[in-house]
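Quick notes on the structure that follows.
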Amino acid sequence: MSAAFPSLKDAVRRAADWRRTRPALLVAGGSVLLLALFSLVGTRGEKPGEFVVRRGTLEPTVPLVGTLAPERSDSYGAVVPGVELKILSLVEEGSLVAPGDRLLQLDPAPFQKELDVARARARELETEADQARLALAALRLKSTAEVQEAQVSTENAERDLSAFVNTGAPLTARESEHDIALRERTLKEAEEKLAGLEPFVAKGFISQEEYRTARSRRDQAAADLELARARHAALVQQTNPDRIRRKLDETAKDKAQLGLLRERTRVSVAQAEAAVRLSTIRLEEATRQIAEAEKRIAWCTVNARAPGLAVHSDVFDRTGERRKLRVGDSVWGGTTVVTLPDLTRMMVNGRVPESEIHHLAPGERATVELDAFPGRKLSGVLRSIGSVGASEKNESRSFPVTISLDQNDPRFRPGMVARCTIRGAPVADAVFIPVEAVQSDERGSFAWVTSAFGSPRARRIVVGKTTSRFAEVREGLRPGERVRIGATE
């Protein structure tokens, strides 16, 4: 018999041996079986719908689709409000322009007419201003001469008054007193002579005629003395005081006329100065109108302040169709005619779902790919995150973000589609599972933990940061455990 088929004797012997060694074999076999089972549990691969809990660095990435836009864009057009101007020339759309290049020429005819009128008015007002200044100068010369003449007359009157009061009146009074004294001495001499003749008249030594002559001289001397005293009294009591009063009145009159002349001169000069100021103000206003018209004419020529790509603005024609502005169109002040985006610095404008916004912070790096340049990867940095969200069609909310590109290419154009991936701050040594494995109810988050024996069981977990694919588990799971992806039946 071959080895594959043992004899009956051998079979009986092996059965006896089995009975003797069964307890030891059972113990050893159980241990081997358990080791095999544990080995099977530890080494079996992930089944569909399961995930082995892992530990590692969790790197959040947030994808978004946006459009290229320039970081800076200047607008050019008609800047004069309330005026409609015709476009005479316009830079070709799509052309690259440098600073100082002409973009737009508007018709300056309306402002040229204003400039001509203002210049003519300025010439007239300049002549009026010159005449007013000359009239003021002449008035000042004339007034100064008149005032000086009146001042001299007043000073002369004051000097005459002072001289008469201090010299003339006292001198005439003293002369009159001296005349009285002479008259008194003459009368005394005449009286003494007459008295000396009287004894000789009776004796006949002197004739009657001689005696009458002496008596007449005495009477004449007495009359002259009385007249001199009357004149002195009139001089002292009336003549000199009257002359002083007249001179005082004349001096006061001269002073009053001087004051009146000065006031009249002041008023006349003030009026002439006001006329000069008014003519100057009018001339300045005309000059300002000239400068304003010249400035508006200068505004009709629009040059580029910075480099960029020329883009014409849209307009609706009379038929309601939308088209680009062109030469011959008329635009109102404040209308943008040409937009000049600066292509040297480009950015991406996009939106991020509300559920992803907590992963992002300004300064994080991003990778950008443009549909217009497939296969070319660009780098950038997250510059800003909007603070106000907006509702989407599916009632979710999103926030605007802006990514600045590190590279530049003159072929880049605003509006190109950009697909971006923003890399958030990494979480080191994180325990994580797929976001689909995280369930939630009114008590919080949980996951369905699977095992080799029995059905999955729900276990409470504490979720930390999440990415578009994975969620950090801070409490509740250990690396190597298995969780069910999705809800269980």
Ranked packing of 355-368, 189-202, most packed first, by mean Cβ within 10 Å: 355-368, 189-202
Of Ser207, Ala150, Ser398, farthest towards positive along the dipole that unit charges on Lys, Arg, Asp, Glu beta carbons give the chain: Ser398
All lysines inside 27 Å of Lys295 as judged from Cα atoms, apart from same-chain residues fewer than 8 positions distant: Lys86, Lys113
Net dipole in debye of the chain [+1 Lys, Arg Cβ; -1 Asp, Glu Cβ; about Cα centre; nearest 20]: 3580
Crossing angle, helix 109-163 versus the chain [Cα axis fit, 0-90 degrees, rounded to tens]: 30
Solvent-accessible area per residue, Å², over segment 147-221 with all protein chains present [probe radius 1.4 Å]: 69
Solvent-accessible area per residue, Å², over segment 49-140 with all protein chains present [probe radius 1.4 Å]: 54
Karplus-derived 3J(HN,Hα), 6.51/-1.76/1.60, for each residue of segment 65-70, Hz, glycine and proline x: 10, x, 10, 6, 8, x
Mean separation of Cα contacts under 8 Å (6+ apart) over length of the chain, as relative contact order %: 29
Theoretical FRET efficiency, 1/(1+(r/R0)^6), r = Cβ-Cβ of Ala145 and Ala222, R0 56 Å, to 0.05: 0.40
For peptides 346-354, 461-469, sequence by mean Cβ density within 10 Å, most packed first: 346-354, 461-469
Carbon + sulfur, % of accessible area of segment 305-356 - ligands and nucleic acids excluded, 1.4 Å: 51
Probe 1.4 Å, protein heavy atoms only - accessible area per residue of segment 329-450 in square angstrom: 50
For the chain, calculated [θ]222 nm from helices alone, where every DSSP H run of n ≥ 4 adds -39500 (n - 2.57): -16000 deg cm²/dmol
Charge sum, other residues only, whose C-beta stays under 15 Å from Ser379's C-beta, Lys/Arg counted +1 and Asp/Glu -1: +3
Span per principal axis, largest first, for the Cα atoms of the chain (Å): 245, 69, 36
Charged-residue dipole, Cβ positions (Lys, Arg, Asp, Glu), segment 156-229 about Cα centre, Debye nearest 20: 240
Eligible lysines near Lys255 by straight Cα distance, threshold 18 Å, same-chain separation 8 or greater: Lys247
Highest-first arrangement of 268-279, 412-423, where packing means the average Cβ count within 10 Å: 412-423, 268-279
Relative contact order of segment 321-410, defined on C-alpha pairs under 8 angstrom at six or more residues apart (%): 33
Ranking by accessible area, most exposed first, for Trp332, Trp448 with a 1.4 Å probe: Trp332, Trp448
Heavy-atom accessible surface of segment 226-268: percent carbon and sulfur, 1.4 Å: 52
In Å, descending, principal axis extents of the Cα set of segment 417-489: 50, 28, 27
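The values are calculated or read from the model by the stated rules, or taken from the named source; none is laboratory data. The structure displayed is predicted, hence computed values, not measured ones. Cβ: placed from backbone, ideal geometry, glycine included. Neighbour counts: every protein chain shown. Surface areas here come from the heavy atoms of the whole protein model, side chains and all, with no ligands, DNA or RNA. Shrake-Rupley method; radii C 1.70, N 1.55, O 1.52, S 1.80 Å.
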